[in-house]
Amino acid sequence: MARSGAKDDAYVVSHSTKFLARATTERRHDFGQYAPDDARARYCEPWRFPIVDTHGPAEGEDRAAAYALNDVTFVYHDADGQEPAEVGVVGTFAGLHQVTPLRRVGLPEGPSPYWAATVVVPKAQVHRYLFRLDGRLLRDPVNPQAVTMDNGRQWSRFFTDACALPLVLDEGERALLDRLTDHILPFRTSSGRRFLSDHYAELDRSEPAFVHAYRLDESVGVVNYIDKLLARQESHYLDDYRVCLRQIDRLLRARNPYSEPARMGREMFEQLYGELGSGSVTGWDYDAYAQPQFFLSLLRRHTFTGAFSHPKYGGNSAAAGWAYLQELLRDEQGNTLFNWRRAIEAPLGDNVDYVG
Amino acid sequence: MAEFEVVVIGSGAGGAPVAHELARAGKGVVVLEKGPLLRPQYQTPDGVSDFKRDEMFATGPEKRITVEGMANRGESFYSSHVEPDLNDEPHVYRGPDDRDRATIEGYTAQVVGGGTQLYGAVSLRFFPEDFTLASFNRGRTDLREDPRGDIQRETRDWPFTYDQLESYYAKAERLIGINGTVAGQRKPFSADHYQKPVSPNPISTYVEAGMDALGLRRYRTPLAVITEDHAPSGRSAPTDPDTVKTAFVNRYGDPLGLKSNTWVSLLSPVADLPNFQLRPNSHVTHLASRGDRVTTVNYVDGAGRPREVSADLVVVACSAIESVRLLKLSAQAGGDFAERIDGNGLLGAYFLTHCFGGAEARMPRRYDKALSLDSDWATDAGGEPDFLREHGLWAGATMYNNTSDQALPISLARTHGAADLDTVWKVFVNDNQLVGEAMNRWLDADLGTRLSVSFMANQVPLRSNRIELHPSVTDKWGRPVAYILKQWHAHDRYLMDVMARRCADIIKAGSGVEPESPGGAYMAENALARIANHILGGARFGTDPGDSVLDPTCRAWQFDNLYVTDGSCMPTSGGANPTLTIQANAFRVADHLLQRL
């Protein structure tokens, strides 16, 4: 559904200039995530496109229903001065044959090279799309996310908030990662487990805030968060994860040939964690990845932010991380001293002034 | 004929007051702001703000420094969504090993409203003595840790006194929207325009008790957050003012527009006037001049296309480092601009930040620190002349407690063992013992229990502390970036030690807990980079054209129509957070400009 007027020209320019406007073509933002000929390396944080944002309830629109939606703003940047007469976007979000037209965005000084359109897309979805310039289809020249179809054609990809569909890590990688993040998080204590079990059991999954709480596990969706982070903001670390998880899988199999690594005992992961931290991992191939401590430092930051950042990023499923702190941090009378709901938007939190 | 009567470059604390006053007086004003226009909920078509209560906004995803030649190339950095990207526009500083490093320190925020969008909103006045430190220290023989006499040789009085600025402090407090209390402050007030403060967070009771036990007069820290309806800006406070207390304060823009940044308080109220234009996403590259007049302001627009604008008066207010850089880049562009702006070689010199630091401890009980603004209690006792003489100090400091720091889990983790923007996450990610039950104990022990008291003091002005253009590093527009050369003076280190101990005394007297490691900015891993985003000096004003860059009205001495109104004009950095003084001074200059137009 196209949504006109919700995101005006001022919004588009103010979400584009810093990242796209520049005189240099230097690859200042290449942290190893791009092919050598990929011009996206010139842009700052190109993963921000298309812009996925809160869907503000329109007049008369139910707030809870609106909370299940995102506004997605496509921005085509005519960096090379092609001056197309028409720009549109086609994608799975609207039926593949339906072209959503982009409007030319204006600046105070006149026309701009930005074209934009905002569409409403449900949360927790993944879509592919192509821009259509004067009838010619092409990938988004900014957004690095892409999928390759069976016919070899590359499409651009985006996903909306609280997305739970695996994007870049395979099932085996996710299972191993689940065990590693579980070791880091505070939830594996007996009281932590009991709390999470109760929290998820009591969730009303028809509630708009919790409808995407997919994974009722001890890691509160951290693995899903990491999958999304590696698909988008920190794609430069996808290879680190793949290489290291492959090594971990191999060396755990060598240590215990009779069990799948993800099913091995807790002590195996405790030992592995300690070795990663010391940088001396028995069986590690240092030629393939020189610094296992670095991988652990990544994993520690990603795990913690996944557990305690806003659930829209894919972790902290059903706000279980925050609810855990709400339970843990209490005064002598039993009142919580971590009242996260007060500042966070309803219906996830209690705040009805702030819409998210 | 010029297109506008005034062009203001920068929309933060130094630029917005000028634009507000001149626009309201019917003058033709255009504001050029490098950053985006990010609006609160009540100003957008769909009621959604571009600011979020989202911890990932304050410190974004990891990126890596790719700037050639930097000693920290390849290292991680994290910037909020409105701070510049270090690979596009780094600040470079020279480290203790004489090697250059890129740093996020020294940038406020690139957004309409500038640093006032992200700041903690502490809005203190300077002490009266802060304006006359040369006079105050003249003839003293008791100054400690200053064997070469730098303080008396290098310090300059401001070209006006506290009393002459006082009415502009009052004006700023009225127009911006600040809550706090006058009683307990040692600065004279002609009027009390403060809104009523909300109740303090209970953890601040320890600070209240500590200040009382030591006999230090205290007051509620003035904060630029409205707690009542604010008629000058047309903003409404929530029915329950207590809801302004969230932990999403320092380093967060406010989606509800209750924090009194200069967009909601000063620019938005004039935005619809026909004689006012705001051009966000517009990056000024250089000024061009003919004789003693700046004729053209050259900028790239939101699309990156070169543009220019002309005005009768040109006001530069890009924050100190970037203002100095813009003037130096203009000098490079040709003509006699260089001779006029820097004929005495002082442009960029006497760059200042603050001596800052404090003490921190874990309180015996836990409190919900998320129900807080940035600070609750302050004291001016560190600015009493008797206290300064007793300790052989050249200048005083305001002390206040920080309430919102580390109130949320990710902010607790990213600042675990790190106190500045260049070292966030570094300790947490390598503290491998923090797992499982140990992480549980850490969260239990530190979340909602930590209390700090900070001080903010003058830094000794030194000519060798300066802003230059870097000889090789350029920004994404191909222009040299700012190069920060800064050292701490021995007296700075001594002052920080004294004041940190005083902060520790407050905590101990109020709670009985011995603070862990009182200290100052000079002790940090990257001590030479640390700036606290209080960036001042580099284009100081004065009464002698041979000894200053600007005249007392903030006009560049050898130009008729070029003014600089941000913190770069300050000859000393003041014993408090600088924003309110920058705003008051900008209102003062606006009065002068109105007389000219």
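All of the numbers you see were taken from the coordinates with simple rules; none came from a lab. Being a predicted model, the structure only gives us computed values, none of them experimental. Quick reminder, even Gly has a Cβ in these numbers, built from the backbone with ideal geometry, and neighbours come from all protein chains shown.
Laid out as a table, the results:
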quantity: Separation of the residue A:202 and residue A:86 label points, Cα + 7 Å toward Cβ, nm; calculated: 5.7 nm
quantity: Helical contribution to [θ] at 222 nm, DSSP H n ≥ 4, -39,500 (n - 2.57), averaged over the protein assembly as shown, rounded to 500; calculated: -7500 deg cm²/dmol
quantity: Neighbourhood net charge (10 Å Cβ-Cβ; Lys/Arg +1, Asp/Glu -1) for residue A:143; calculated: +4
quantity: Residue-wise HN-Hα coupling along segment B:79-87, computed from phi with Karplus coefficients 6.51, -1.76, 1.60 (Hz; x: Gly, Pro); calculated: 10, 6, 5, 10, 9, x, 7, 5, 7
quantity: For chain A, built as a Gaussian network whose Cα springs stay under 10 Å, the top-fluctuating residue of A:143, A:316, A:339; calculated: A:339
quantity: Relative contact order computed over chain B (Cα-Cα under 8 Å; 6+ residues apart), in percent; calculated: 23 percent
quantity: Amide hydrogen neighbours beyond the local backbone of residue B:225, cut-off 5 Å, H modeled; calculated: B:179, B:260
quantity: Helix axis angle, A:292-308 relative to chain A longest principal axis, alpha carbon, degrees; calculated: 70 degrees
quantity: Those residues of segment A:59-81 whose amide nitrogen sits under 18 Å from the label point placed on residue A:99, 7 Å along Cα→Cβ; calculated: A:74-78
quantity: Spin-label pair residue B:242/residue A:149, simplified geometry with 7 Å Cα→Cβ offset, distance in nm; calculated: 5.8 nm
quantity: Spatial separation of Cα centroids for segment A:57-94 and segment B:262-281, in angstrom; calculated: 28 Å
quantity: Mean Cβ count within 10 Å, highest first, over the residues of peptides B:92-105, A:27-40; calculated: B:92-105, A:27-40
quantity: Within 10 Å of each Cβ in B:37-47, the average number of Cβ atoms from other chains; calculated: 5
quantity: Whichever lysines have a C-alpha closer than 17 Å to that of residue B:52, once near sequence neighbours (fewer than 8 apart) are set aside; calculated: A:7, A:312, B:245, B:259
quantity: Residue-wise HN-Hα coupling along segment B:338-348, computed from phi with Karplus coefficients 6.51, -1.76, 1.60 (Hz; x: Gly, Pro); calculated: 4, 5, 6, 8, 9, x, 9, x, 9, 5, x
quantity: Average Cα contact separation per residue, chain A, under 8 Å, 6 or more apart, as relative contact order %; calculated: 14 percent
quantity: Helix B:490-511 axis, angle to chain B major axis (alpha carbon atoms, nearest 10°); calculated: 40 degrees
quantity: In segment B:346-401, the chymotrypsin sites (Phe, Trp or Tyr not before Pro) that fall in loop regions by DSSP, at most 12 other Cβ within 10 Å; calculated: none
quantity: Three-way shape label, segment B:324-450, alpha-carbon gyration tensor, a/c 1.5; calculated: oblate
quantity: Between segment A:103-120 and segment B:322-341, the alpha-carbon center distance in angstrom; calculated: 35 Å
quantity: Net charge, residue A:297 excluded, C-beta distance under 11 Å - Lys, Arg +1, Asp, Glu -1; calculated: 0
quantity: Nearest-ten-degree value, helix B:436-446 long axis tilted from longest Cα axis of chain B; calculated: 80 degrees
quantity: Contact order relative to length of segment A:11-162, as percent, for alpha carbon pairs under 8 angstrom and 6 or more apart; calculated: 22 percent
quantity: Part-to-part distance (alpha-carbon centres) for segment A:256-300 and segment B:181-210, which is given in Å; calculated: 54 Å
quantity: Dipole moment magnitude, nearest 20 debye, segment B:540-593 about Cα centre, only Lys, Arg, Asp, Glu C-beta charged; calculated: 140 debye
quantity: Most mobile listed residue (A:161, A:178, A:285) in chain A, GNM with C-alpha springs under 10 Å; calculated: A:285
quantity: Whether chain B is rounded, prolate or oblate, judged on the alpha carbon gyration tensor where a/c under 1.5 counts as rounded; calculated: rounded
quantity: Dipole in debye (nearest 20) - chain B, about Cα centre, beta carbon charges: Lys, Arg +1; Asp, Glu -1; calculated: 160 debye
quantity: Interchain or long-range residues, amide H under 5 Å from residue B:91's placed H; calculated: B:103
quantity: In sequence order, calculated HN-Hα J values of segment B:111-126 (Karplus, 6.51, -1.76, 1.60; Hz; x Gly/Pro); calculated: 6, 4, x, x, x, 6, 6, 9, 5, x, 6, 5, 10, 8, 7, 6
quantity: DSSP beta bridges in chain B [antiparallel fraction, %, rounded to 5]; calculated: 75 percent
quantity: Net charge contributed by nearby residues that have their C-beta within less than 13 Å of residue B:385 (K/R +1, D/E -1); calculated: -4
